[in-house]
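Novice: Pasting in a structure now, in structure tokens, and then I'll have a few things to ask.
The values are calculated or read from the model by the stated rules, or taken from the named source; none is laboratory data. Bear in mind that the values here come from a model prediction, so they are computed numbers and not experimental data. Here the Cβ is made from the backbone with ideal geometry for all residues, glycine too, and neighbour counts use every protein chain on show. Note: accessible area is taken over every heavy atom of the protein model, side chains too, but ligands, DNA and RNA are not part of it. Shrake-Rupley method; radii C 1.70, N 1.55, O 1.52, S 1.80 Å.
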Protein chains: 2
Amino acid sequence: MRGHGADSPCRPPVTPGGLKMLPEPVIGIVGGRGAMGSWCARFFKQNGYQVLIHDKDTTITLAELAEKASVAVISVPIPVTCEVIKAVGPFLGADKLLVDITSLKAESVKAMLAYSEAEVIGLHPLFGPDVEDIKGHNVVFCPTRGDKWLPWLKDLFTRAGAEVIETTPERHDEIMALVQGLNHLNTILMGLAIEKIGIETKDLIAFSTPAFRTKLNLIRKISSQDPHLYAEIIAGNPHLPSLFERYIEHANHLKELLEGKNSPEIVRLIQKLSLVTAGEKG
Amino acid sequence: MRGHGADSPCRPPVTPGGLKMLPEPVIGIVGGRGAMGSWCARFFKQNGYQVLIHDKDTTITLAELAEKASVAVISVPIPVTCEVIKAVGPFLGADKLLVDITSLKAESVKAMLAYSEAEVIGLHPLFGPDVEDIKGHNVVFCPTRGDKWLPWLKDLFTRAGAEVIETTPERHDEIMALVQGLNHLNTILMGLAIEKIGIETKDLIAFSTPAFRTKLNLIRKISSQDPHLYAEIIAGNPHLPSLFERYIEHANHLKELLEGKNSPEIVRLIQKLSLVTAGEKG
């Protein structure tokens, strides 16, 4: 079912297990009609792979999917990820690969290790389903069991132009508490403040600065996607409450400074921000 | 000193006072070597006007500037704006125009009315000095005394492509508490959270989503400009403390929701955000 010849740039140079004569892997996507599931299906198809999809309204059972596919990708909402893994995992033997692409990795990777003998990679594509080209976007790998499938999957993403980084599920979730959880809370808070103040959108636009327009775009991005996904990323990350508590402490400190019109101390805090973006390319 | 003939597209169609035979206005900029002062000088020169500049290291006195110029533009830091207006205002007669471009308008406009007989327009270009082309950017006008100069100045900005909006100094400051004050505090808070967590910038980049990169860019924008300007906009706006207090109330509410893993209520709050950007173009 590969659509490309041997010289196709999309053909992976590494065959899983190094056995060149093995059939090309078939990819089974559980939740393949959801937003990121559809993205995954398109991505693997574009790279020449046969893709099987299981979703609410498809006829293929999880057992059939697990039998026909050598790679199972779990792409379902965070709250049901572990139970879906529990349902499909036992059908996947040690020669196969089990991957989940949820936004939190500790629990899902634990479940994959517990309910399957397959090789296990926790994966987190750090972009939304609207991304056409993966080039320049980040993908986090949490390789946890086995080493036969990892080079193939990394190579696939790397050759498509993604920036691949490896870490542990725990460290991933810690960093995502900042990059996703706190970042979303920060944007939501600005949105709620605007909503409460009751200025009409046309007035907001007429009085907006470039930085404010950028903030409005971030708010629009959140409000135009599935609110459940954001709520799960926020409520499900165990590292976020303590981070958000410190955020509120900073806010209370800033409130005192602005009530006391303490400009010099506000200047000092702003000067600290240069540390955040030091060494970063513009 | 105009560089254009009568048919130049840069020539203003409206001569102040409607007296076509009067000499073209000369623009005197107090603080003309600062960042926005330089922007103003360039803007007026590009539109064919003679520009005189007074700053710390220039030789022209305020009295000389006021005598030679028919339009005086005050472009100095917020904390010294009123005292500079007090110094130059008395030299400007009722036939002249006094304009300030500070980020807060209530106090500066009050000072211009108190210390000068000139016509008074409070002006706030809603962009930074790095903006090359004013096209599509917003400029707030607070016209307060006189009507001879207003059509000329509005026409100048409009023809250059700016979106001009008129309001009172008080309403301007209220809206800027949100668009500048709270917006900057929101960005600073995210920056402080990142700074405190102590993840190296290269790791932040490797784990970043598009939305997080956008946030990093906003933080970089603040940290690369004069921190005193931001501190003055924050500490000097009398409408900001109550707005920021409500922001912190929202934050405390969200903290409870995420500690209680109350996803449905977080979903409900996120759904409110669509009101903010409703009707806005993408």
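Novice: Does anyone have the angle between helix A:263-272 and the longest principal axis of chain A? Alpha-carbon axes, 0 to 90°, nearest 10?
Specialist: So the inclination is approximately 20 degrees.
Novice: Shifting gears a bit: Here is the link list: A:K110/A:K221; A:K56/A:K154; B:K56/B:K86. Which ones come out longer than 25 Å on Cα distance?
Specialist: Details: A:K110/A:K221 31 Å; A:K56/A:K154 29 Å; B:K56/B:K86 17 Å.
From A:K110/A:K221; A:K56/A:K154; B:K56/B:K86, over 25 Å: A:K110/A:K221; A:K56/A:K154.
Novice: Give the longest segment of chain B that steers clear of GluC sites (Glu not before Pro) in DSSP loops with at most 10 neighbouring Cβ atoms within 10 Å, not counting the sites themselves.
Specialist: On the way: sites that count: B:E132, B:E200.
Answer from the scan: B:1-131.
Novice: Between A:E132 and A:T61, 0.36 nm times their residue separation minus their Cα-Cα distance comes to what? Please list the in-between numbers first.
Specialist: On the way: separation 71, 0.36 × 71 = 25.56 nm, distance 2.96 nm.
Extra length from A:E132 to A:T61 when fully extended: 22.6 nm.
Novice: For segment A:223-282, I need the span (max minus min coordinate) of the C-alpha atoms along each principal axis, in Å, sorted largest to smallest.
Specialist: Result for segment A:223-282: principal-axis Cα extents of 41, 33, 25 Å.
Novice: Here's another thing I want to ask about it. What is the gain in length, in nm to one decimal, between B:E166 and B:S224 on full extension, counting 0.36 nm per residue of separation less the C-alpha to C-alpha distance? Don't skip to the answer; put the middle values down first.
Specialist: On the way: separation 58, 0.36 × 58 = 20.88 nm, distance 3.02 nm.
17.9 nm is the gain from fully extending B:E166 to B:S224.
Novice: Between A:V140, A:V179, A:V73, where does the largest GNM mean-square fluctuation fall for chain A, given springs only between Cα atoms within less than 10 Å?
Specialist: A:V179
Novice: Got a sec to turn the phi values of segment A:42-59 into Karplus ³J(HN,Hα) couplings, 6.51 cos²θ - 1.76 cosθ + 1.60 with θ = phi - 60°, whole Hz, x for Gly and Pro?
Specialist: Working through the residues one at a time gives 5, 4, 5, 5, 4, 8, x, 9, 6, 10, 10, 10, 10, 8, 3, 10, 9, 8 Hz.
Novice: Between B:G260, B:G32, B:G122, where does the largest GNM mean-square fluctuation fall for chain B, given springs only between Cα atoms within less than 10 Å?
Specialist: Comparing B:G260, B:G32, B:G122 in the GNM, the peak value goes to B:G260.
Novice: Can I ask one more? Assuming R0 = 45 Å, can you tell me the calculated FRET efficiency for the pair B:D155 and B:K261, based on Cβ-Cβ distance, to the nearest 0.05?
Specialist: Using R0 = 45 Å, I get an efficiency of 0.20.
Novice: Now for a different question. Counting protein heavy atoms only and a 1.4 angstrom probe, how many square angstrom of accessible surface do chains A and B bury in total, to the nearest 100?
Specialist: 8800 Å²
Novice: Taking chain B as a Gaussian network, where each spring joins two C-alpha atoms under 10 Å apart, which residue of B:G31, B:G198, B:G161 fluctuates the most?
Specialist: Of B:G31, B:G198, B:G161, the Gaussian network model singles out B:G198 as fluctuating most.
Novice: Please name whichever of A:Q180, A:S224, A:I234 sits farthest to the positive end of the charge dipole of segment A:172-274, dipole taken about the Cα centre and charges placed at Cβ: Lys and Arg +1, Asp and Glu -1.
Specialist: A:S224
Novice: Let me ask you something else. To check my understanding: the extent here is largest minus smallest coordinate of the Cα atoms along each principal axis. What are those three numbers for segment A:16-167, in Å, largest first?
Specialist: Extents along the principal axes, in whole Å: 35, 35, 29.
Novice: Between the label point of B:N262 and that of the same position in each other copy, find the distances and list them shortest first in nm, with every label point placed 7 Å from Cα along the Cα-to-C-beta direction.
Specialist: In nanometres, ordered from closest: 3.2.
Novice: Using the Kirkwood formula on the Cα atoms of the protein assembly as shown, what hydrodynamic radius do you get, in angstrom to one decimal?
Specialist: Evaluated over the protein assembly as shown, this radius sits at 26.6 Å.
Novice: Give, rounded to the nearest 20 debye, the magnitude of the charge dipole that the protein assembly as shown has about its Cα centre when Lys and Arg contribute +1 at Cβ and Asp and Glu contribute -1 at Cβ.
Specialist: For the protein assembly as shown, the charge dipole is close to 900 debye.
Novice: If you don't mind, another one. For chain B, report the % of Cα-Cα distances exceeding 24 Å.
Specialist: For chain B, the share of Cα pairs beyond 24 Å comes to 57 percent.
Novice: Semi-axes of the equivalent ellipsoid of segment A:172-274: what are they in whole Å, largest first, if each equals the square root of 5 times a C-alpha gyration tensor eigenvalue?
Specialist: Listed largest to smallest, the semi-axes of segment A:172-274 are 24, 23, 12 Å.
Novice: Further question on the same structure: Once the dipole of the protein assembly as shown is set up with Lys and Arg at +1 and Asp and Glu at -1 on Cβ about the Cα centre, which of A:L258, B:S75, A:L150 lies farthest towards its positive end?
Specialist: Farthest towards the positive end: A:L150.
Novice: At 1.4 Å probe size, with the rest of the protein present, what percent of the exposed accessible area of the protein assembly as shown is carbon and sulfur atoms?
Specialist: Answer for the protein assembly as shown is 54 percent, counting heavy atoms of protein chains only.
Novice: If you don't mind, another one. Can you work out the accessible area per residue across the protein assembly as shown, with the rest of the protein chains kept in place, probe 1.4 Å, in square angstrom?
Specialist: Each residue of the protein assembly as shown exposes 42 Å² on average to a 1.4 Å probe.
Novice: Using a 10 Å Cβ count of at most 10 others and DSSP loop calls, identify the longest part of chain A lacking such trypsin sites (Lys or Arg not before Pro).
Specialist: Details: sites that count: A:K20, A:K56, A:K135, A:K281.
Within chain A, the longest run free of exposed trypsin sites (Lys or Arg not before Pro) spans A:136-280.
Novice: Oh, and also: Report, to the nearest 10°, how far helix B:150-159 tilts away from the longest principal axis of the Cα atoms in chain B, using its own Cα long axis and a range of 0 to 90°.
Specialist: 60 degrees
Novice: Principal axes first, then extents: for the Cα atoms of segment A:90-221, list largest minus smallest coordinate on each axis, whole Å, largest first.
Specialist: Principal-axis extents of the Cα atoms in segment A:90-221, largest first: 60, 30, 24 Å.
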